[in-house]
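Okay, so here's the structure we're looking at.
The values are calculated or read from the model by the stated rules, or taken from the named source; none is laboratory data. In this text the structure is predicted, and so the values were computed from the model without any measurement. Backbone-built Cβ (ideal geometry, glycine too); neighbour counts: all protein chains shown. With ligands, DNA and RNA removed, areas are computed over all heavy atoms of the protein, side chains included. Shrake-Rupley method; radii C 1.70, N 1.55, O 1.52, S 1.80 Å.
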Amino acid sequence: MHASASSNATRELEDVKVMEKEKTMHASRHATRELEDVKVHVKLKLAGLWASVMFMFVYVDVIGFYRPGVIKEILAGFMWKFEITQTVLVAGIALMTVPSLMVFLSLALPARANRWTNIVVASLFVPASIFNVIGEPGVFYFWGALIVELALLALAIRYAWTWPATESRSASVPITSAA
């Protein structure tokens, strides 16, 4: 009888294992997989926003070359009614240098300087973006790009403005006497 009881116990144990395996397989078939969502630091968000602003500026200019007569005007020495001079070219490169540098500065500056640099520079870029569209009536891609640029700059200002603060260590550690 002892062997029979042992055999029954073994079969019951095997049945339990099979049932557990089936439960696991059923659960894994019907389980929803959660996507990993990593928290992105404000510095990376700001760098990404500035890269996006820079690309928008560049793409608007590149796509503008496809408008009828633009290449002809450039070859004649004019760009958007301005004569192409060293001053105009330096102004253009200065305008594009700012978002290029902001990608790096957003990653490299300490938090406090980073926050205010992003707020100030993005705020100054809002009128610069608007100025670039003035005199371009009826060019819908220009106006669409302006909306995207303004949204990106507004996000940069918002992320910088709402930069999470941390409590300094010295403020949270009580000072005790050495006596």
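A few points about this structure:
- The residues of the stretch 90-167 expose, per residue, 59 Å² of accessible area to a 1.4 Å probe.
- The listed peptides 155-163, 16-24, ordered by packing as a protection proxy, come out as 155-163, 16-24 (highest mean of other Cβ atoms within 10 Å first).
- Nearest-10 value in Å² for the accessible area of Phe78, using the 1.4 Å probe: 90 Å²
- Cβ charges +1 (Lys, Arg) and -1 (Asp, Glu), total dipole of the stretch 11-140, debye: 260 debye
- Mean projected area (nm²) of the alpha-carbon convex hull when the stretch 47-130 is viewed from all directions: 6.1 nm²
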